[in-house]
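In what follows, a single structure is set out as structure tokens and then discussed.
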Amino acid sequence: MAELWLLLAVCGAATYAWRGLGVLISGRLDARSEAFTWISCVAYAMIAGLIARLLVMPTGALAETTALERALGSAAALAAYFWLTRRNLFAGVLAGATAVWLMKLAG
Amino acid sequence: MPAAVLAAGYLGFGALAAAHEVPLALAAATTTVIWALPAQLILVEMHVLGAPFVATVLTVVLSSARFLPMTLMLMPLMRAERHRRWHYYVAAQLLALTGWTMAVARFPRIGQAERLPWFFGFALVCMSASVLATAAGYMIADRLTPLARTGLVFMAPMYYLLILTGGVRDRPAGLGLAFGALAGPLAYLAAPQWSVLIGGFAGGTLAYLVMRRRKSDG
């Protein structure tokens, strides 16, 4: 177990290295510059890439669902969020998870 | 409200940690020390698979690369004369996807000097709720059916999907998200570990170039 704590400490420090580096460099970054716009694009793309990968090619516990279940679950979440409610996050997430759960139950 | 939905994602993480017999204190500690759900899932899952120490660290580091552009983008928006420099280094640790998305969405309506205090308040509530949810998920794990656990685990990506698509307000966001969503999985096929870094860099740069092209055309 000691090794697991060490692993956590190293992973935490390594994750913070990115954060700290961001603060360090950001001192010279102007929010109205072209570089800032490019960095925004990269930030959004990195996040979207990670989430898309989780949904399209999941690993771990999420891999127990089929691609169809994830697609329909996502559709249910988006529909509940954008159409059925006025962008209610809670309703959207619940609709997505319930849809997957029901499909698993039926299958 | 975002804290409540985020907590649901961490319930799932807590339950997963319990199922893999990771100690409760450690599971809760990852939520404050790493504070990035995807990296925490990697840590637990790779440990269970018996992956080598260095491989696990490398995977976590590469998946967390997004924090560099995220902090780079957020910090200039929170800059104000009266804040001390170290405040920003503390804020960086509190930064996660939820706080970042909410901040980007709310900042136009918050005065420049009030943004950092607002961010501290919001992020601390999110983190506290998430630590509690990790512990709660851990403790109810053995009462959850595998089916219910799948539902909980699915909540986190749904939540990210909605706050991202719902938060699109400008061109960098829209194009970046679209290109990134394509580039991420493609990069994953080529080099799984490096996919966040390569996909984000390529997708984001492409989005930026398309945006510039359109601007000069119009």
Mean Cβ count within 10 Å, highest first, over the residues of peptides B:59-67, B:111-119, B:82-90, A:40-48: A:40-48, B:59-67, B:111-119, B:82-90
If R0 is 41 Å, what FRET efficiency do you get for A:Ala13 and A:Trp83 from their C-beta distance, rounded to 0.05? 0.40
What is the distance, in nm, between label points placed 7 Å from the Cα along the Cα-to-Cβ direction at B:Arg82 and at A:Met1? 4.7 nm
Bin width 5 Å, alpha-carbon pairs only: give the P(r) of the range B:128-218 as whole percents, running from 0 to the bin holding the largest distance. 3, 12, 14, 16, 15, 12, 13, 8, 4, 2, 1, 1
Inverse mean reciprocal Cα-Cα distance (Kirkwood Rh) of the protein assembly as shown, Å: 19.8 Å
What's the exposure ranking of B:Ser128, A:Ser26, A:Ser74, going from fewest to most Cβ atoms within 10 Å? B:Ser128, A:Ser74, A:Ser26
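What is the percent of Cα-Cα separations in chain B that go past 29 Å?
Tail of the P(r) past 29 Å holds 31 percent of the pairs.
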Taking R0 as 25 Å and r as the Cβ-Cβ distance between A:Ile25 and B:Trp118, the FRET efficiency 1/(1 + (r/R0)^6), rounded to the nearest 0.05, comes to 0.60
Provide the packing ranking of B:26-32, B:38-44, A:101-107, i.e. peptides ordered by the mean count of other C-beta atoms within 10 Å per residue, highest first. B:38-44, B:26-32, A:101-107
Rounded to a whole number, the mean other protein chain Cβ count within 10 angstrom for residues of A:75-81 is 3
Both in Å, the radius of gyration and Dmax of the C-alpha trace of the range A:65-107 are 10.0, 31
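Decide, for the range B:170-218, between rounded, prolate and oblate: order the square roots of the alpha carbon gyration tensor eigenvalues as a ≥ b ≥ c, take rounded if a/c falls under 1.5, and otherwise choose prolate if a/b is larger than b/c, else oblate. Let's see the in-between values first.
Numbers: a/c = 3.41, a/b = 2.67, b/c = 1.27.
Note, shape of the range B:170-218 comes out prolate.
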Normalised alpha carbon radius of gyration of the range B:65-158 [divisor 2.2 N^0.38 Å]: 1.34
Calculated P(r) of chain A - Cα pairs past 18 Å, %: 69 percent
B:Arg109 paired with A:Ala75, simple spin-label distance in nm, labels 7 Å along Cα-to-beta-carbon: 3.3 nm
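Coordinate-derived values only; no laboratory data. Fair warning: this is a prediction, and the values are worked out from it, not measured in the lab. Here Cβ is always computed from backbone atoms with ideal geometry, including for glycine, and neighbour counts include all displayed protein chains.
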